[in-house]
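Structure, as structure tokens:
The values are calculated or read from the model by the stated rules, or taken from the named source; none is laboratory data. What you see is a predicted model, and the numbers here were worked out from it, not measured in a lab. As a convention, Cβ positions derive from the backbone with ideal geometry for all residues, glycine included, and neighbour counts pool all protein chains shown.
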Amino acid sequence: MGAMIAWARQYSDAPVYERAAYAAIVESCHQLLSDRCRDVHADEDLDRSLRELRRNRDILLSKWGNNPQLWHEFPQKINGEYLMLWPGQFASRLQQQNSITVPSSMRQVDRSAELQITQGYVVDDNSDVQQPDAGPESSSTSDNL
């Protein structure tokens, strides 16, 4: 959800309580994330991942519909109406129901979060991007003279 909120804030400067100004932007982010998911996920995990993306989008839009007055505030006030809550901070039951707790850094993501950098990439058949050369070892000897 944090990625969808960040995306929305990059594309609109409307006040947070103007949900309608953000709905289409959140949907475009959901589509981008879904497309990326289809490109990188294994087939056996794809359906579950797409369902989770839809669920998160729906929760975000639902909570956005609760008319938050501020994006966030630190420290949170007991009577504040926010879209985002800080992790590890006290929030009233109403705030928990109406808001989303969004990690502010990778330190607050569970320890199973991992990043792996590989040489792999996804080729789009409709793209006009040229594939990189295989390197000098793939060319013939006469090409190297």
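Any chance segment 57-65 includes a residue that's within 13 Å of I100 (Cβ to Cβ), in contact with a Cys (Cβ under 9 Å, 6 or more places away or on another chain) and at pLDDT 90 or above? Checked segment 57-65: at least one residue is within 13 Å of I100 (Cβ to Cβ), in contact with a Cys (Cβ under 9 Å, 6 or more places away or on another chain) and at pLDDT 90 or above.
Only one of the numbered conditions (1) in contact with a Gly (Cβ under 9 Å, 6 or more places away or on another chain); (2) over 17 Å from I100 (Cα atoms) is not met by R19, and that is (2). Looking across segment 80-104, the residues that are surrounded by fewer than 17 Cβ atoms within 10 Å (Cβ to Cβ), closer than 22 Å to G65 by Cβ and not polar (S, T, N, Q) come down to R93, L94.
Being at negative phi and modelled with pLDDT under 90 holds for only one residue in D47, D35, D43, and it is D43. Summed over segment 12-38, residues that are loosely packed, with under 11 Cβ neighbours inside 10 Å and part of a helix (DSSP H, G or I) total 2.
Contact map, segment 77-90: first residue more than 16 Å from R9 (Cβ to Cβ) and in a loop (DSSP other than H, G, I, E, B), second residue modelled with pLDDT of 90 or more and among the hydrophobic types (A, V, I, L, M, F, W, C), Cβ cut-off under 7 Å, separation 6 or more or different chains; pairs are G80/L70; E81/L70.
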